[in-house]
1. Is there any pair with a first residue in segment 289-304 that is touching a residue at least 24 places away in the same chain (Cβ under 8 Å) and a second that is of a type in the set (Val, Ile, Thr) and open to solvent by 50 Å² or more (accessible area, probe 1.4 Å) whose Cβ atoms are under 8 Å apart and which are 6 or more apart or on different chains, and what are they?
2. List the pairs whose first member sits in segment 186-203 and is at positive phi, whose second member is of a type in the set (D, E, K, R), and whose Cβ atoms are under 8 Å apart, counting only residues at least 6 apart or on separate chains?
3. Regarding Tyr299, is this residue open to solvent by 20 Å² or more (accessible area, probe 1.4 Å), within 26 Å of Val5 (Cβ to Cβ) and aromatic (Phe, Trp, Tyr)?
4. Residues of segment 126-149 being assigned to a loop (DSSP other than H, G, I, E, B), touching a helix residue (DSSP H, G or I) at 6+ places or on another chain (Cβ under 8 Å) and farther than 12 Å from Asp106 by Cβ, which ones?
5. Is it the case that segment 59-72 has a residue that's modelled with pLDDT under 95 and either open to solvent by less than 50 Å² (accessible area, probe 1.4 Å) or on the phi > 0 side of the Ramachandran plot (or both)?
6. Quick check: is even one residue across segment 148-155 among the charged types (D, E, K, R) and in contact with an Asp or Glu (Cβ under 8 Å, 6 or more places away or on another chain)?
7. From Ala71, Ala95, which residue is in contact with a Pro (Cβ under 7 Å, 6 or more places away or on another chain), among the hydrophobic types (A, V, I, L, M, F, W, C), over 21 Å from Gly257 (Cβ atoms) and assigned to a helix (DSSP H, G or I)?
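The values are calculated or read from the model by the stated rules, or taken from the named source; none is laboratory data. The shown structure was predicted, so the numbers you read here are calculated from the model rather than taken from an experiment. Quick reminder, even Gly has a Cβ in these numbers, built from the backbone with ideal geometry, and neighbours come from all protein chains shown. These accessible areas exclude ligands, DNA and RNA; they are computed on the full protein's heavy atoms, side chains included. Shrake-Rupley method; radii C 1.70, N 1.55, O 1.52, S 1.80 Å.
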Amino acid sequence: MAFDVARIRGLFPALGDGWVHLDASAGMQVPEQVAMAVATAMRAPVSGPGGAFPASQRAEAIVDAARRAVADLVGGDPAGVVLGPNVPVLLQRLAEAIGSGWLIGDEVAVSRLDHQANIAPWLRAAQRPGAAIRWGEIDIETCELPAWQYESLMSRRTKVVAVTAASGAVGTRPDIRKIADIAHSVGALLVVDASAAAPYMPLDMAAMGADIIAVSASAWGGPAVGALVFADPELLDRLPVSSLDPSTRGPERLELGAHAYPLLAGLVASVDYLAMLDDGATGTRRERLHTSMGSAKSYLAGLLAKLISELRAIRHVMVIGDAMRRIPVLAFTIGDMKAADAIVALADSGICAFADDVPSGVFTALGVSEVGGAVRVGLAHYTTSSEVDQLVDAVADLRR
């Protein structure tokens, strides 16, 4: 495997601003090839699909290429790829469609580890018919989401289990396969939000056991585009239509309005970027993605281990969670210093980080917001060991 971080950094014009970008949990910076793909598509004549002229055919080709790119990324079928403006919008449409047939007494399972994008839509869908909500709880010491608890959470009335493939807040990666097996044993659909996981690891929805998987291109340096992938494309034709055309079939049933074709062109370029992270990767795009994402995972695992070890060596720092399986996203507290103050001080040192200091999501379950919140950082494909050192030094200086 050949993961050359210097080569990869050269693909990102934004990295010339002099900042240490440890803000990847909010979305990575955009590679030049993605920006160029969007700009090129905006300059070319593109019309609506369905025409016999080149501009219309170009639109159809872009949509088809985007579906195939997302399918290659997750190991799915292009016929099951729904495209849209972002993951929250798509999950809301999905919840409305699936939940339209629920009755009082039906159940849906969500988790405290998930982003609100994969919680709020299901709560709303359950509220209308009076369906019950079951919560998967996290271990407050490790931030793990124990899979065994789902055996008691589910019943034959459980319709959907919604869970994250990885937490964008504390990095935890649950055992999705085990949760899937439990869900399928009671006839429930498993909806996996892989938005936080997709930039960091090879995805295989069949191995996960996911019935539907959601990804966000902006998470790995793509444009603001989201996608849902159905393991069984035929399920789409059994759902109520969200489209303005009630007779439409396949993915278009959940697609509302015209596509942003230049952004879809950028989506294709962003998946191609992921496939070339390892410059020794060969074969089909799916094969190159598997190799490249495996190399990226190994490289970033080393940086994360270094960061965790060095932060834990600082007396006034507490790293939140200790999950065995995780992505390179980290949250920590700094003594009695409020997170909002800490990120301002880090910014003064040229470091981009975020503060989670409001009662929401996983940090509410952990009680972190009650003590001033946590500092949250996310590593990216272009993060270097020296940048990790800069963060550690800056954090150590905050209490001197």
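1. Every condition considered, the pairs that remain are Thr291/Thr282.
2. Short answer, once both residue conditions are applied: Gly187/Arg156.
3. Working: open to solvent by 20 Å² or more (accessible area, probe 1.4 Å): yes; within 26 Å of Val5 (Cβ to Cβ): yes; aromatic (Phe, Trp, Tyr): yes.
So Tyr299 passes the test.
4. The initial filter retains those residues of segment 126-149 that are assigned to a loop (DSSP other than H, G, I, E, B), namely 128-131, 137-146.
Next cut, touching a helix residue (DSSP H, G or I) at 6+ places or on another chain (Cβ under 8 Å) only: 128-129, 131, 137-138, 140, 143.
Passing the criteria: Glu137, Ile138, Ile140, Cys143.
5. yes
6. Within segment 148-155, none of the residues are among the charged types (D, E, K, R) and in contact with an Asp or Glu (Cβ under 8 Å, 6 or more places away or on another chain).
7. On the way: Ala95 fails: over 21 Å from Gly257 (Cβ atoms).
Exactly one residue qualifies, and that residue is Ala71.
Yes or no, residue by residue, for (1) among the polar types (S, T, N, Q); (2) surrounded by fewer than 16 Cβ atoms within 10 Å (Cβ to Cβ); (3) more than 25 Å from Val192 (Cβ to Cβ); (4) modelled with pLDDT under 95:
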position: Phe3; (1), (2), (3), (4): no, no, yes, yes
position: Gly16; (1), (2), (3), (4): no, yes, yes, yes
position: Val34; (1), (2), (3), (4): no, no, no, no
position: Val74; (1), (2), (3), (4): no, no, no, no
